[in-house]
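The values are calculated or read from the model by the stated rules, or taken from the named source; none is laboratory data. Every value quoted in this text rests on a predicted model; they were computed, and no experiment measured them. Neighbour counts run over all protein chains shown; Cβ positions are idealised from the backbone, glycine included. Surface areas here come from the heavy atoms of the whole protein model, side chains and all, with no ligands, DNA or RNA. Shrake-Rupley method; radii C 1.70, N 1.55, O 1.52, S 1.80 Å.
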Amino acid sequence: MAPTPTPKRICIVGAGAAGMSAAYAFSRHPDKFKVTVFDKQPVAGGMATSIDVDSSKYGASYINDGVQGCSPVFANTLRMFRMLGFEPTEVGMQISFGKGENFWSNVFPTELVTQFKGDIAKFGTALSTIKKLEPIFAMIPVHVMLRMFNFSTGFGERMVYPLVALFFGTGNQTPYISSAILERVFMDPSMKLFEYDPKSLLASIPTMLAFPKLHDVYQAWRSEVTSRGNVEFKLNHEVMRVVSRTAKKDGPVQIEYKLAEEGTDATPQMAAFDELILAVDADSALKLLGKEATWMEKRVLGSVKYLYDVTITHNDLEYMKKFYETRYNPEHNAPLSSAETAKEREEMTKSFEFAERNFRPLYYTMQYAQDKSKIEMSFDLTHYQPQFRGEQPAGPISSSDHTNHRNECQPSKYTKDAQDAGKGKVGEEVRTGKDAEGKPEPPLENHVFQTIFLDRDGSQDLWTWEEIREEKRIYEKWWKQQSHRWQHYAAVVPWMMFINGKRNTHYAGAWSVLNMHELAVTSGFAAAYRLGAEYPFHGDEDCERLFRLYLGVSHGSRMRKEDRQGLFA
């Protein structure tokens, strides 16, 4: 009888979306892998966090902070959440760009849209050209592309930059990002958010999905990952450095870590493994590697640029009204005379009537008067997040629903608790207003907003953050955000395949391509797959499409022969 093979020992550093996805893939092979997940935070989730708020003031007991939701095409994220017993909530993605004469929206045609109708009409040609020549345009920044196609300066500053900045988190680096990102927000089937319209730029109000309570999702995810006994979480434990990746004794990968909790014995400890997955940002990975980093790792990881932003969660309606268009104002309507046909005039009139009844933006942007290429962003979390309208923390899902992989995992106590419909009643006494469908929600003066001030080092002199009244502030948090400059697609993305898998090390994180939760999840699955785990959603084409693409781009690899169908799969 052949001896039972010794499970491969895997060290995962980071318990965000990437690390959790890798851990989940490994957990499905308890005989093949023994996994330890380290994270210095006390809970899993990384940037996907939830914080408590005063339900007696705001009409709900928590908000999701940092990560708000996703596009309906984010198939890997959605399937994972549904398997765990959580369901995102559909919400119309209404946007309020700019203020006063700079205002435009995807809800109704405005004067600004009329002003740039020539630029909007030829924008589709630019998108098609970029798609056909994507490898070239990946290296061309947006501000150069706009000049190449002879777009007006105002069109770029008032319409293109705010649009890209908002949905890819590119902030004040937007003029310098790769043109390929701009094309993908309209045309990539796995990332698409909008339909292009040659008359209004944006064809409709897209459906977005607001996440359920992310704290509970990640607690349930952790419970599922540990249920098979081969994955251990060391939360509140900080990996200090990677000592070796080629050691001859005990295991090639050796790390030093310590307890991160304050007031406890933080004596460093050593641990040995066979393989390492760094599911942290590139800066942190390079710091952990230290002298262990190769020349190529230093070159690739060191080329990822990070910016520092601050998010202020607040309830200052006066601030919002001063810098954004929070309500429908017919003075911004595009003139009916700009319509070319009677049918267009009829459609415009219907849009104005709809906006008068239903204008409720989720997203806001404002350009600084001193430099219109730089912006500030805000969210109306009350409009965006469903708990303010009585939804349970798990979202619109019941424990008995097993369609489309829902509740496929063994329900954890966190899932059962989150699926308690009674929790949606918390704060209902504050919901004296009505949403567009007549559901009770807090009135505008009780709304929770988040304003993001971007690029501390390059734009802080423009910030208006001091105008948010202290008594209206709820929470302040600093973030380190990846910049999507065109250089990222020249110096990082095409070179990841040359450092992944070398020296018993793989990298996972959305930063390796584009800052999206879906790519973080996919990157974790890819790292685990390269080490011998199965892709968990094999056979689901909606999920697998992006996985194959990521595997090729970031690992220079195809799916294993037994997993492929067709010559080019």
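Distance between the modelled labels on Leu235 and Lys258, one decimal in nanometres: 2.2 nm (7 Å Cα→Cβ projection). Taking a ≥ b ≥ c as the square roots of the eigenvalues of the Cα gyration tensor, the range 1-141 is classed as oblate, since a/c reaches at least 1.5 and a/b does not exceed b/c.
Solvent-accessible area assigned to carbon and sulfur over the chain amounts to 49 percent, based on a 1.4 Å probe. The magnitude of the dipole of the range 255-320, with charges of +1 and -1 set on the Cβ of Lys/Arg and Asp/Glu and taken from the Cα centre, is near 460 debye. Each peptide in 288-297, 483-492 gets a packing score, the mean of other Cβ atoms within 10 Å over its residues, and the list from highest to lowest is 483-492, 288-297. Rounded to the nearest 20 debye, the dipole magnitude of the chain is 2060 debye, with +1 charges on Lys and Arg beta carbons, -1 on Asp and Glu beta carbons, and the Cα centre as origin.
Computed from the C-beta positions of Gln565 and Asn404 and an R0 of 25 Å, the FRET efficiency is 0.65 to the nearest 0.05. Label zone of Gln370 (point 7 Å out along Cα→Cβ, amide N under 18 Å): in the range 317-346 this covers 323. What the phi angles of the range 390-405 give under the Karplus curve with 6.51, -1.76 and 1.60, with θ = phi - 60°, is a coupling list of x, 6, 5, x, 6, x, x, 8, 10, 5, 8, 7, 10, 7, 6, 6 Hz, glycine and proline written as x. Counting only protein heavy atoms and a 1.4 Å probe, the chain has 42 square angstrom of accessible area per residue.
Using only Cα atoms and rounding to the nearest 10 degrees, what angle (0 to 90) does helix 17-27 make with the longest principal axis of the chain? Tilt of helix 17-27: around 40 degrees.
The phi-based Karplus calculation (6.51 cos²θ - 1.76 cosθ + 1.60; θ = phi - 60°) puts the 3J(HN,Hα) values of the range 516-526 at 9, 4, 4, 6, 4, 4, 4, 5, x, 4, 5 Hz, whole numbers, x for Gly and Pro. Of all beta bridges that DSSP places with both ends in the chain, some 70 percent have antiparallel geometry. Placing unit charges on the Cβ atoms only, positive for Lys and Arg and negative for Asp and Glu, gives the range 41-184 a dipole magnitude near 460 debye about its Cα centre. Could you work out how far helix 117-132 tilts from the main Cα principal axis of the chain, as a 0 to 90 degree angle to the nearest 10? Orientation of helix 117-132: about 20 degrees from the principal axis. Backbone amide hydrogens, once placed in the peptide plane, bring Phe233 within less than 5 Å of Val37, excluding anything fewer than 5 places away on its chain. Of the residues Thr464, Thr267, the one with the largest accessible area comes first in the ranking Thr267, Thr464, computed with a 1.4 Å probe on protein heavy atoms.
Once you've got the Cα coordinates, tell me which of Lys57/Lys477; Lys291/Lys477; Lys321/Lys480; Lys258/Lys291; Lys305/Lys502; Lys321/Lys372 are over 25 Å apart. Lys291/Lys477; Lys321/Lys480, as the Cα separations exceed 25 Å there.
For the range 59-129, what does the relative contact order come out to in percent, with C-alpha contacts under 8 Å and a separation of six or more? Relative contact order of the range 59-129: 13 percent. The ellipsoid equivalent to the alpha-carbon distribution of the chain has semi-axes of 40, 28, 23 angstrom, derived from the gyration tensor eigenvalues as √(5λ) and listed largest first. Computed from Cα atoms, the angle from the helix 342-358 axis to the main principal axis of the chain rounds to 70 degrees.
When nucleic acids and ligands are ignored and a 1.4 Å probe is applied, Leu462 ends up with an accessible area of around 20 Å².
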